[in-house]
Amino acid sequence: MKKTVLVSNDDGYQAKGINALVDMLEPLGLDIIVCAPESARSGQSRAFSVSNYLTIKKRLQRDGLAVYSCSGTPVDCIKIALSEICTRKPDLVVSGINHGDNGSVNTHYSGTMGACMEGCMKHIPSIAFSLCDHDPDADFSLMTPYVRKITQAVLDNGLPDLVCLNVNCPATNPNSRMPDPNGRAFSEYKGIKVARMAKSAWYNEVVKCQHPRNFPYYWLTGSYSNDEPQAEDTDNWAVNNGYVAITPTKVDVTAYEAYGFIKDILHI
């Protein structure tokens, strides 16, 4: 029996990234099911719909491939696919390929990672793939052997329970219309590095504007700061130096190392 892979993203079912991902996965001989948002849902993190109803539409069916769109968030896509579309539990959830970097603190905001984490929380091995290029027509071709290698390795060996993979790849087109402002473009990748999340933050995120009808409105934007650019064990360093970065990511976010500190300040 073919292994089943559930594919989603946060850029929408028509995005070039998710279609490139399906093309990369098809030669692996998988039963591929796609359930992705109807339109872009970037920055949705792990949000899911509690006040709105959801709809799903069958967009495409051909040998070995079924494509559905969902009106909700990336997490909604995984939930509804597992409940209403998949006839059995998938062997793998793959999210992406995202148009833009999802390393470091962006992991917490990312809808791509939201879908990946949802699969992980359902005890399904899960992977998120991202390219450091926001261009809707980004070039994903250099990722192909890496996507296949990583996917096949996880299919063959699984992952520790409640651990998923956040995979970020450097941009490949120096003339991209929308390059990642924190990354560089490479004509080839140097290999793979298993890396931790870099310490970083977003600053100056709120821009206040004045509407012509005389009320204020706001845009969320901001500038990204890598607080340890020379740390060679981080995801940011890896992609900025031409490596594919893999960050094993846990569902359990408990700060076990802080137990002693908390007990001390509370005198317990």
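Kirkwood hydrodynamic radius for the chain: how many Å is it when counted over pairs of different Cα atoms? Could the numbers behind the result be given before it?
Details: mean 1/r = 0.0519 Å⁻¹.
Computed over Cα pairs of the chain, the Kirkwood hydrodynamic radius comes out at 19.3 Å.
Starting from 0 in steps of 10 Å, tell me what percent of the Cα-Cα pairs of region 162-268 lands in each bin.
Reading the bins upward from 0: 13, 27, 28, 19, 11, 2.
For a protection proxy built on the mean count of beta-carbon atoms within 10 angstrom, sort 234-242, 260-268, 90-98 highest first, please. Write out the running numbers ahead of the final one.
Numbers: 234-242: 23.4, 260-268: 8.2, 90-98: 27.8.
Taking the mean over residues of other Cβ atoms within 10 Å, the ranking is 90-98, 234-242, 260-268.
Ranking request for peptides 99-108, 208-217, 5-14: highest mean number of other beta-carbon atoms within 10 Å first, then the rest in descending order. Before the final figure, lay out the partial values.
Working: 99-108: 24.0, 208-217: 7.5, 5-14: 25.5.
Result, highest mean Cβ count within 10 Å first: 5-14, 99-108, 208-217.
Can you list the chymotrypsin sites (Phe, Trp or Tyr not before Pro) in region 45-109 that are in a DSSP coil and have 10 or fewer other beta carbons within 10 angstrom?
Numbers: sites: Phe48, Tyr53, Tyr68, Tyr109; in loops: Phe48, Tyr53.
The qualifying sites are Tyr53.
At 1.4 Å probe size, with the rest of the protein present, what percent of the exposed accessible area of region 1-62 is carbon and sulfur atoms? It would help to have the intermediate numbers written out before the result.
Values: 1620 of 3310 Å².
With neighbouring chains kept in place, the figure for region 1-62 is 49 percent.
For the chain, what is the mean residue ellipticity at 222 nm derived from helices alone (per DSSP H run of n ≥ 4: -39500 (n - 2.57); sum divided by total residues; nearest 500 deg cm²/dmol)? Intermediate values should be presented prior to the final figure.
Working: 7 runs with 60 residues, N = 268.
Per the formula, -6000 deg cm²/dmol.
Within the chain, which complete DSSP H helices have Cα atoms spanning at least 27 Å along the helix axis and a mean Kyte-Doolittle hydropathy of 0.0 or higher? Show your work: numbers first, answer last.
Working: long enough: none.
Flagged H segments: there are none.
How many angstrom lie between the C-alpha centres of region 65-119 and region 1-31?
11 Å
Among 116-123, 246-253, what's the highest-first ranking by average C-beta atoms within 10 angstrom per residue? Present the calculation step by step, with values, prior to reporting the outcome.
Values: 116-123: 22.2, 246-253: 14.2.
The densest-packed peptide leads the list: 116-123, 246-253.
Express the accessible area of region 13-161 per residue in Å², computed with a 1.4 Å probe while the remaining protein chains stay in the model.
Ligands and nucleic acids excluded, the result is 41 Å² per residue.
Need one number: nm distance between label points at His211 and Arg148, each 7 Å from Cα along Cα→Cβ, rounded to one decimal.
If labels sit at His211 and Arg148, their model points lie 5.2 nm apart.
What trypsin sites (Lys or Arg not before Pro) in region 49-118 are in a loop by DSSP, with at most 15 other Cβ atoms within 10 Å of the Cβ?
Working: sites: Lys57, Lys58, Arg59, Arg62, Lys79, Arg88; in loops: Arg88.
Here the trypsin sites (Lys or Arg not before Pro) that fit, given the DSSP loop and packing criteria, are Arg88.
Could you tell me the relative contact order of the chain? Use alpha-carbon pairs under 8 Å, at least six residues apart, and round to a whole percent. Let's see the in-between values first.
Details: 597 pairs, mean separation 44.5, N = 268.
With pairs under 8 Å counted, the relative contact order is 17 percent.
The values are calculated or read from the model by the stated rules, or taken from the named source; none is laboratory data. Computed from a predicted model, the values in this text were never measured in an experiment. Methodologically, a virtual Cβ is constructed for each residue, glycine included, from the backbone with ideal geometry; neighbour enumeration extends over all protein chains shown. Heads up: the accessible areas ignore ligands, DNA and RNA and are worked out on the full protein's heavy atoms, side chains in. Shrake-Rupley method; radii C 1.70, N 1.55, O 1.52, S 1.80 Å.
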